[in-house]
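Colleague: Structure below; questions to follow.
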There are 2 protein chains.
Amino acid sequence: MVDPLSSMTLRSIGIVRSDFKEPTSAHLELQTITAEIEIDPQLNEALDELEGFSHIIVVYWMHRAVFDKNHLKTYPMGNMSAGLKGLFAVRTPNRPNTIGLSTVKLLERRGNILKVQGLDAIDGSVVVDIKPYIPGYDSASDVTIPEWVKIGE
Amino acid sequence: MVDPLSSMTLRSIGIVRSDFKEPTSAHLELQTITAEIEIDPQLNEALDELEGFSHIIVVYWMHRAVFDKNHLKTYPMGNMSAGLKGLFAVRTPNRPNTIGLSTVKLLERRGNILKVQGLDAIDGSVVVDIKPYIPGYDSASDVTIPEWVKIGE
């Protein structure tokens, strides 16, 4: 068996190409923009039949984020009136592992290029996994969220 | 700026405690079982207000999976009649980065222990991130999936 801790090093499987060059909290804007993911051509075959899904989950590395262990709490979306929240209760890039998840619409696959809509990752982000979005597995029903999440939208 | 490739090493933030000891494709069964996630006590504060969310996304490392780059295609859920699919079109553990995503119900937070329902991770899996599940951001509408996904359920 592999020692999990020694093997937990991620390899790049692709790179995000987007007009978004700097981190932003303008999520409404991000929902409409299109971006491209350039997958390592050696993994081209691994994308086969992904185009049968309307949506995918992009798992990426927030390459400009650095974890500050002295700030385990933060203001959600910079909203100070909401009060401080634990970093696991928000989507801040300041987390022990700077992994981002973004559920996006898959517009087109062209060889090793995925054209997507709604990607919440800046240009140059390192893609580490792509998963098909499967309703019932990736979605939840009877969901409740705190009131302060709505404040930040 | 940090070189992304040199810094893409994950650290454990917690461990899964579950009655599921071996990998299974019995996803219906997994939806009902409860499991516990024991978060590093040093990160306790980072969980504050997570309990306001009914659901969370557990990002974990499939510690027993080893990537076989000679098998970029696989049968979905072991279903050979569906034909071979690229590994990014399925949720197989055989992927370049053996990251698992599981959307689960958060039943209880007790200090650094999260009691959850529906966790698709075997006992001992290394947790690398916890994110609040936010409808509209993590869920998609007008979703289509291939017919062969339904075959495998």
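The values are calculated or read from the model by the stated rules, or taken from the named source; none is laboratory data. Because the structure is predicted, anything quoted here is derived from the model rather than measured. FYI the Cβ positions are ideal-geometry reconstructions off the backbone, even for glycines, and counts take in every protein chain you see. For accessibility, only protein heavy atoms count, side chains too; no ligands or nucleic acids. Shrake-Rupley method; radii C 1.70, N 1.55, O 1.52, S 1.80 Å.
Colleague: Among B:105/B:131; A:21/A:73; A:73/B:131, which pairs are too far apart, with a Cα-Cα distance over 20 Å?
Modeller: On the way: B:105/B:131 12 Å; A:21/A:73 26 Å; A:73/B:131 14 Å.
Flagged as over cut-off: A:21/A:73.
Colleague: Let me ask you something else. Provide an ascending nm list, one decimal, of label-point separations from residue B:77 to the equivalent residue in each further copy; define each label point as 7 Å from Cα along Cα→Cβ.
Modeller: 3.7
Colleague: Mean residue ellipticity at 222 nm from the helices of chain A, using -39,500 (n - 2.57) per DSSP H segment of n ≥ 4 over the full residue count, to the nearest 500 deg cm²/dmol?
Modeller: Details: 2 runs with 9 residues, N = 153.
For chain A, the value works out to -1000 deg cm²/dmol.
Colleague: In whole Å, how far is the Cα centre of segment B:74-153 from that of segment A:42-87?
Modeller: Rounded to whole Å, the Cα centres lie 16 Å apart.
Colleague: In segment B:30-54, which residues give up 40 Å² or more of accessible area once the other protein chains are added, compared with their chain alone (1.4 Å probe)?
Modeller: B:43, B:45, B:46, B:48, B:49, B:53, B:54
Colleague: Taking all protein chains as present, what is the carbon and sulfur share of the accessible area of segment B:19-153, in % to the nearest whole number, probe 1.4 Å? Can you show the working numbers first?
Modeller: Values: 2900 of 5950 Å².
In segment B:19-153, the share of accessible area belonging to carbon and sulfur is 49 percent.
Colleague: Follow-up. What total accessible surface area, summed over both chains, is buried at the interface between chains B and A, computed with a 1.4 Å probe and given in Å² to the nearest 100? Present the calculation step by step, with values, prior to reporting the outcome.
Modeller: Working: alone 10260 and 10260 Å², together 13850 Å².
That pair hides around 6700 Å² of surface in total.
Colleague: Still on this model: Using a 1.4 Å probe, what is the accessible area per residue for chain A, in Å²? Kindly include the intermediate steps, with their values, before the conclusion.
Modeller: Values: 6930 Å² over 153 residues.
It amounts to 45 Å² per residue over chain A.
Colleague: If you take the charge dipole of segment B:17-153 about its Cα centre, with +1 on Lys and Arg Cβ and -1 on Asp and Glu Cβ, which of B:92, B:71, B:134 is farthest toward its positive end?
Modeller: B:71
Colleague: What's the local net charge at residue B:131, with K and R +1, D and E -1, over the other residues with C-beta under 10 Å away? Mind showing how you got there, number by number?
Modeller: Values: positive: A:91, A:95; negative: B:129, B:138.
After counting each charged neighbour, the total is 0.
Colleague: Using just the alpha carbons, could you tell me how many Å³ per residue the convex hull of the protein assembly as shown encloses? List each step's numbers first, then the result.
Modeller: Numbers: hull volume 39.4 nm³, N = 306.
For the protein assembly as shown, the hull spanned by Cα atoms encloses 129 Å³ per residue.
Colleague: How many nanometers, to one decimal and shortest first, lie between the label point of residue A:142 and those of its other copies, if labels sit 7 Å from Cα toward Cβ?
Modeller: The answer, with the shortest distance listed first, is 3.0 nm.
Colleague: Can I ask one more? What whole-number value in cubic angstrom gives the convex hull volume per residue for the C-alpha atoms of segment A:78-153? Intermediate results must be reported in sequence, preceding the final value.
Modeller: Details: hull volume 10.8 nm³, N = 76.
Enclosed volume per residue, from the Cα hull, is 142 Å³.
Colleague: Would you mind getting the Kirkwood hydrodynamic radius of chain B from its Cα pairs, rounded to one decimal in Å? Don't skip to the answer; put the middle values down first.
Modeller: Values: mean 1/r = 0.0588 Å⁻¹.
Taking every pair of different Cα atoms in chain B, averaging 1/r and inverting gives 17.0 Å.
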